[in-house]
Amino acid sequence: MRWMHVTTLIVVFGCRGPLNAPMVTRLSPEEQQQVDDTWRNMLTPVDRLDRTLLLDVLLTSDFYQLGVDRLDMTALKRVPPYRVIMEIHCDRDAPPFDAFTVAGLDADGREVRRERYSREDVEGRVSHMHLAEAHVQMLAGEEKAEPATLTAEQRAELERLRAEAADWAARKAAILAATQPAGPP
């Protein structure tokens with residue numbers, strides 16, 4: 001059963017790779033200026049950093065994704081008889097068109113499903129998931145009995161948090177179930 005815990009962690013929190021979500025982080029104008037200045041420093045002169053130092057700087061600063069003007073990524077996953085193509089498109093000059101797209105193609109290459117998620121969709125879900133998980137952690141170990149000193153407003157807030165935590169627990173179970181073999185049709 002230990003593999004189940006690992007699977008749960010991977011499914012719920014994902015493997016941390018280059019991106020924390022299928023979208024690049026938008027920086028404030030000040031943060032963007034700092035990134036731009038740093039790039040200018042790194043490339044003045046253009047060969048200022050040797051090959052290894054350039055890679056080290058890019059990896060430790062996340063500059064391969066952080067503050068970039070445009071990022072386009074395509075990932076392919078074969079799930080016979082389907083192919084799943086995931087695409088991330090982010091353009092600093094055209095934020096409304098940032099998107100994460102998931103498409104499924106059959107064995108003949110025909111698209112059988114396509115889902116497009118906007119920046120708002122992705123960031124909203126990530127925010128919701130982090131907040132829900134924070135509520136679960138906050139309520140962990142809490143006794144079901146409420147202290148008599150709570151006001152009605154505090155009790156209502158506690159119940160709201162408990163409901164959100166319960167909803168998230170159910171959602172995590174659904175997420176895990178979605179990665180397991182489907183039952184009989």
Query raised in the report: Using the Cβ atoms and a cut-off under 10 Å, what net charge is assigned to the surroundings of Arg119, where Lys and Arg are +1 and Asp and Glu are -1?
Result: -3
Requested in this report: Compute the whole-percent fraction of alpha carbon pairs in segment 9-127 spaced more than 25 Å apart.
Outcome: 37 percent
Report task. If a/c stays under 1.5 just call it rounded; otherwise compare a/b with b/c (prolate if a/b is bigger, oblate if not). Do that for segment 25-67, with a ≥ b ≥ c from the square roots of the Cα gyration tensor eigenvalues. Result -> oblate
Query raised in the report: What's the local net charge at Asp106, with K and R +1, D and E -1, over the other residues with C-beta under 11 Å away?
Result: +1
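Values in this text are rule-based calculations from the coordinates and carry no lab data. Keep in mind it's a predicted model, so treat the numbers as computed, not measured. Note that we place each Cβ from the backbone using ideal geometry, even for glycine, and neighbour counts take in every protein chain shown.
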